[in-house]
1. Of all residues being of a type in the set (A, V, I, L, M, F, W, C) and under 29 Å from Pro330 (Cβ atoms) in the stretch 294-319, which is surrounded by the most Cβ atoms within 10 Å (Cβ to Cβ)? Just the residue, please.
2. Got a number for residues in the stretch 59-71 being in contact with a helix residue (DSSP H, G or I) (Cβ under 9 Å, 6 or more places away or on another chain) and at pLDDT below 70?
3. Sort through Pro458, Pro423, Pro463 and tell me the only one that's crowded, with 21+ Cβ neighbours inside 10 Å and not assigned by TED's automatic domain parsing to the domain that holds Ile99.
4. Which of the residues spanning the stretch 300-334 are within 24 Å of the chain's Cα centre (by Cα), within 29 Å of Pro423 (Cα to Cα) and aliphatic (A, V, I, L, M)?
5. Counting only residues that are β-branched (Val, Ile, Thr), in contact with a strand residue (DSSP E or B) (Cβ under 6 Å, 6 or more places away or on another chain) and assigned to a loop (DSSP other than H, G, I, E, B), how many does the stretch 508-543 have?
6. When you check Thr476 against the structure, is it farther than 30 Å from Glu293 by Cα, among the hydroxyl-bearing types (Ser, Thr, Tyr), modelled with pLDDT of 95 or more and in contact with a strand residue (DSSP E or B) (Cβ under 9 Å, 6 or more places away or on another chain), yes or no?
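The values are calculated or read from the model by the stated rules, or taken from the named source; none is laboratory data. All values reported here derive from a predicted model rather than from experimental measurement. Virtual Cβ from ideal backbone geometry, glycine too; neighbours counted across all protein chains shown.
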Amino acid sequence: MMKCQSFIPLFLILHLSAGASSSLTKASGGHWRLLHQNIGISATHMQLLNNDRVVLFDGAHFGPSNLTVPAGNCRRHRRGNKVDCTAHSAEYDVATNTIRPLMINTADDGVWCSSAAVTSDGRGFVRFVQTDGDGNGVEARVRNYNPCSVSNSDSNCVWEVMDVVLAARGHRRFYPTNHVRPSGRHIIIGRGRGSLFTYEFFPKTQSVSSTKLYNLVPFANNNNNVYPFMFLNTDGNIFIFNNNRAILFDFVNNKVVKIYPEIPGGGDPRTYYSSAVLLPLNNLTSNMVVEAEVLICGGAPKGSYSQALKGNFIRASNTCARIKITDPKPKWVIETMPQARVMADMTLLPNGDVLIINGAEAGTAGPNLGRKPVFQPVIYRPNSKYGVGSGFKLQNPSSIPRMYLSTAILLRDGRVLVGGSNPSMNYNFSSGVVFPTELRLEAFSPWYLDEELSNLRPTIIYPPNDTKLGYRQKLTIRFTVVGNGGGGGGSIAKDSVLVTMVSPSYTTNSFSMNHRELVLDPERVAQVVQNVYEVVVTTPPSTNLAPPGFYLLFVIHQEIPSEGIAVMIG
């Protein structure tokens, strides 16, 4: 296995600018900061790791990028047999605001159209596992990225192609989705447009069930098998939404448990063109069934793709659809967004809100097929007391178009990292394209990071970062708050505090895989000394609710989150 990164010299480390004052836009609707004018690659795929660093990568056949590597790391493009001496992956260090180029050995396969998930051994070791990708029958690969720790040097934190081939070898598995199962192993679902719909498991064992490739019959005749939305339900089965159909699937017994009604709207496709999240899970320690609800927003009406190829860019959908997937007789509830949006990203915020960001008002997903970029994010409040359709609030705009292949992920400090947009497919900055390849990286800070709220913002002082947790465990969290809304220094009302656990997502093509938020209700909130408080909660009771792995834990005070700490459960 190649460890090419160890050859990259120090002069290639790029120190990112902190952003000039002119790049800061601030008001009650959040603010934006430009982190860097040129990170060298298009951030088509992003994942936050437990060491507060973000892995970014594009598709190797996009090349060459603007981030060079030494000649010893050059590779030949599979398409056109051209030599490429540029990087197609990078590591962004959030704390130091720097970029480090990474090398992926992709001489015979590609990482575009791929899926990934973070895996953990439950004792603190985290690995980023990327699977599949675009290629000519050789895309069924597995690659590891091992994050740096205190005991590692950067030269050890590299991409490695594993000596493992997935069961889909020889088939075109691209645009798949990964999800961490309650056991900690992954399930990989989907085989791309026009292919059979299949699933398999990873890591591989010697058992037949591990190495076999399964057909998922309900979607066998669906021609748009592209990044299906997939969420682990609270009963241990998996909710799978593809195109405009959804099922609840028992992957242990290869059995469809439930078929959900289609979203109203004449069968317009949603996956690949829209985005989706599993809304935060509440009442985790109750004896009743924990309700789970899925939200799907935006999309492109039927026929948008073929029309966009002809230069006719149809207006995108302006609706969101919600469904309680745990209900015996579930029904979709339709809500209207302030804007139409296709190719958006949806990110769960620590306080339970949903951020809808990036995308376009017209056209569809694909190279140069979107028009009218949407610059304003929207915050959606799932539990709005004013009823259906009232939970949307427009935010301050960015000035950067984020179209096809844009990304957005939650950071530990509560900001949202925003990058990508490669609507021309290759690195193209001027030649005949409406929207050029975007290499800028920026951060959106939601309203709760406004400076005037700093006195209400909690700071966790115990437990330390990288704490290991068990299930159904009593957990005491100690935090400080300078002010409490009543003059400062006094007691804090129990109902003004929450604790949340958020699993960081792998985000690409408008979908955040394995993104999950758990709300832990306080059992006791007490003042320790002036401005220092502690809250006692119980951790999630089962792996069905919280699959083992790495989460960010936040304390929320008056809807304002602390910085998160990395915790490991399992």
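1. Here is the first cut: in the stretch 294-319, the residues of a type in the set (A, V, I, L, M, F, W, C) are 294-297, 300, 308-309, 313-314, 316.
Cutting the leftovers down to under 29 Å from Pro330 (Cβ atoms) gives us 294-297, 300, 316.
On the way: Val294: 22, Leu295: 20, Ile296: 24, Cys297: 27, Ala300: 32, Ala316: 30.
Once the filter is applied, the top-ranked residue is Ala300.
2. We begin by selecting, within the stretch 59-71, every residue in contact with a helix residue (DSSP H, G or I) (Cβ under 9 Å, 6 or more places away or on another chain); these are 67-70.
Filter once more, keeping what is at pLDDT below 70: 70.
Residues that pass the stated criteria total 1.
3. Values: Pro423 fails: not assigned by TED's automatic domain parsing to the domain that holds Ile99; Pro463 fails: crowded, with 21+ Cβ neighbours inside 10 Å.
Among Pro458, Pro423, Pro463, only Pro458 is crowded, with 21+ Cβ neighbours inside 10 Å and not assigned by TED's automatic domain parsing to the domain that holds Ile99.
4. Ala300, Ala316, Ala321
5. Number satisfying all stated conditions: 1.
6. Details: farther than 30 Å from Glu293 by Cα: no; among the hydroxyl-bearing types (Ser, Thr, Tyr): yes; modelled with pLDDT of 95 or more: yes; in contact with a strand residue (DSSP E or B) (Cβ under 9 Å, 6 or more places away or on another chain): yes.
It is false that Thr476 is farther than 30 Å from Glu293 by Cα, among the hydroxyl-bearing types (Ser, Thr, Tyr), modelled with pLDDT of 95 or more and in contact with a strand residue (DSSP E or B) (Cβ under 9 Å, 6 or more places away or on another chain).
Results for (1) crowded, with 23+ Cβ neighbours inside 10 Å; (2) more than 20 Å from Asn283 (Cα to Cα); (3) among the aliphatic types (A, V, I, L, M); (4) not assigned by TED's automatic domain parsing to the domain that holds Asp52, shown as yes or no for each residue.
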site	(1), (2), (3), (4)
Tyr506	yes, yes, no, yes
Gln527	no, yes, no, yes
Asn531	no, yes, no, yes
Val535	yes, no, yes, yes
Pro541	no, no, no, yes
Ile565	no, yes, yes, yes
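Residue by residue, here is whether (1) of a type outside the set (A, V, I, L, M); (2) more than 30 Å from Ile556 (Cα to Cα) holds:
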| site | (1), (2) |
| --- | --- |
| Gly299 | yes, yes |
| Gly303 | yes, yes |
| Asn312 | yes, yes |
| Cys320 | yes, no |
| Lys324 | yes, no |
| Asp353 | yes, no |
| Ile356 | no, no |
